[in-house]
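The values are calculated or read from the model by the stated rules, or taken from the named source; none is laboratory data. This is a predicted model, so every value here is computed, not measured. Here the Cβ is made from the backbone with ideal geometry for all residues, glycine too, and neighbour counts use every protein chain on show.
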């Protein structure tokens, strides 16, 4: 919190020193700017917006949206955005959204999680049996985009936001929205076909539990190494090793922003594969298919 306060004070000082009426332009074509939280949301937004908006992400590639702190330059440039599209409940938004809106009070805020059937980690034991392992927060599971079912809802919310911002081009956004939905539906169909193959895995281990909605879509079990945002205890690691054998698990997913030592420890005890995935990548379709392909690949 001390770091957040320091950055916030620096932003206020920079804003106070900025000459009145000065216009800063980061985009040479001077198109209106939409800011989003993460790269997958930039993918969906650009797919529908086309070239009518410049779309920028607050959380850069390789950073965790759970803990990322924006730079003073990012907070200053936010004042040039027309709107902010939030993914919903990710840690960055929980910590910074009020400050972001204070920095740029003119911003129109759109929540792209509206209408999604959210998973609440404190109810997993009875209501969400597909996910084993708890997240580090007490709100809804935030990784809503790792799911074709949710992706369609996110796309609908983006389409409505764009029409609200620029109603005269709503027909164009509708055509691009339909095209994106075709991509999402095709991805979903391919995932279901692959996972329906005989011998396809029905369970996996992952370091950070970012595939809860993916697991719900396809009736899979997700076991997370991280427990409530903390390194696993020896007892938890032992439980995961047991789960590998009981559930016939063949793969441990690790994300680039997290340490993979515990994943490799489990793999060394069980002989299963450690595979790097990146749910935060811009290329949503390719990442979804890559994840599913790893679940039908045997050692």
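Residues being surrounded by fewer than 23 Cβ atoms within 10 Å (Cβ to Cβ) and in contact with a strand residue (DSSP E or B) (Cβ under 7 Å, 6 or more places away or on another chain): count how many of those fall in the range 228-243.
Summing the residues that are surrounded by fewer than 23 Cβ atoms within 10 Å (Cβ to Cβ) and in contact with a strand residue (DSSP E or B) (Cβ under 7 Å, 6 or more places away or on another chain) in the range 228-243 gives 2.
Hey, among 52, 42, which residue is more than 30 Å from residue 119 (Cα to Cα), modelled with pLDDT of 95 or more and not in a strand (DSSP E or B)?
The conditions single out 52.
Against the conditions (1) surrounded by fewer than 20 Cβ atoms within 10 Å (Cβ to Cβ); (2) at pLDDT 95 or above; (3) touching a strand residue (DSSP E or B) at 6+ places or on another chain (Cβ under 7 Å), where does residue 251 fall short? Just the number, please.
That leaves (1) as the condition not met.
Which one of these is surrounded by 15 or more Cβ atoms within 10 Å (Cβ to Cβ), more than 29 Å from residue 87 (Cα to Cα) and touching a helix residue (DSSP H, G or I) at 6+ places or on another chain (Cβ under 6 Å): 225, 296? Walk me through how you get there before you give the answer.
Details: 225 fails: more than 29 Å from residue 87 (Cα to Cα).
On inspection, the qualifying residue turns out to be 296.
Looking only at the range 64-90, which residues are buried (at least 19 other Cβ atoms within 10 Å of the Cβ), out of contact with any helix residue (DSSP H, G or I) (no Cβ under 7 Å at 6 or more places or on another chain) and within 29 Å of residue 117 (Cβ to Cβ)?
Hits for the range 64-90 are 88, 90.
Out of all the residues in the range 85-110, which are modelled with pLDDT of 95 or more and farther than 25 Å from residue 120 by Cβ?
Within the range 85-110, 108 is the sole residue that qualifies.
Condition first: in contact with a strand residue (DSSP E or B) (Cβ under 7 Å, 6 or more places away or on another chain) and closer than 30 Å to residue 270 by Cα. Can you find one or more residues in the range 153-166 that meet it?
The answer is no; no qualifying residue exists.
Quickly run through the range 233-251 and pick out the residues that are under 16 Å from residue 274 (Cβ atoms) and either touching a helix residue (DSSP H, G or I) at 6+ places or on another chain (Cβ under 6 Å) or touching a residue at least 40 places away in the same chain (Cβ under 8 Å) (or both). Break it down stepwise before answering.
In the first step, residues of the range 233-251 are kept if they are under 16 Å from residue 274 (Cβ atoms); the result is 237, 240-241, 243-244, 249-251.
Result: 240, 241, 243, 244, 249, 250, 251.
So how many residues does the range 137-187 have that are closer than 16 Å to residue 34 by Cβ and in contact with a helix residue (DSSP H, G or I) (Cβ under 7 Å, 6 or more places away or on another chain)?
11
Within the range 19-39, which residues are modelled with pLDDT of 90 or more and either closer than 15 Å to residue 279 by Cβ or surrounded by fewer than 13 Cβ atoms within 10 Å (Cβ to Cβ) (or both)?
Correct list: 37, 38, 39.
Consider residue 119 against the criteria (1) in a loop (DSSP other than H, G, I, E, B); (2) modelled with pLDDT of 95 or more; (3) within 14 Å of the chain's Cα centre (by Cα): it satisfies all of them except one. Which criterion is unmet?
Answer for residue 119: the failing condition is (3).
For residue 131, state whether it is crowded, with 16+ Cβ neighbours inside 10 Å and modelled with pLDDT of 90 or more.
Answer is no for this residue.
Pairs under 8 Å by beta carbon, first residue on the phi > 0 side of the Ramachandran plot and at pLDDT below 95 in the range 261-280, partner assigned to a loop (DSSP other than H, G, I, E, B) and crowded, with 21+ Cβ neighbours inside 10 Å, six or more apart or different chains?
Once the first residue is on the phi > 0 side of the Ramachandran plot and at pLDDT below 95 and sits in the range 261-280, no partner that is assigned to a loop (DSSP other than H, G, I, E, B) and crowded, with 21+ Cβ neighbours inside 10 Å comes close enough.
Can you tell me which residues in the range 182-216 are surrounded by fewer than 20 Cβ atoms within 10 Å (Cβ to Cβ) and either in contact with a strand residue (DSSP E or B) (Cβ under 6 Å, 6 or more places away or on another chain) or assigned to a helix (DSSP H, G or I) (or both)?
Once the filter is applied, which keeps residues that are surrounded by fewer than 20 Cβ atoms within 10 Å (Cβ to Cβ) and either in contact with a strand residue (DSSP E or B) (Cβ under 6 Å, 6 or more places away or on another chain) or assigned to a helix (DSSP H, G or I) (or both), the range 182-216 yields 182, 183, 185, 186, 187, 188, 189, 190, 192, 193, 194, 195.
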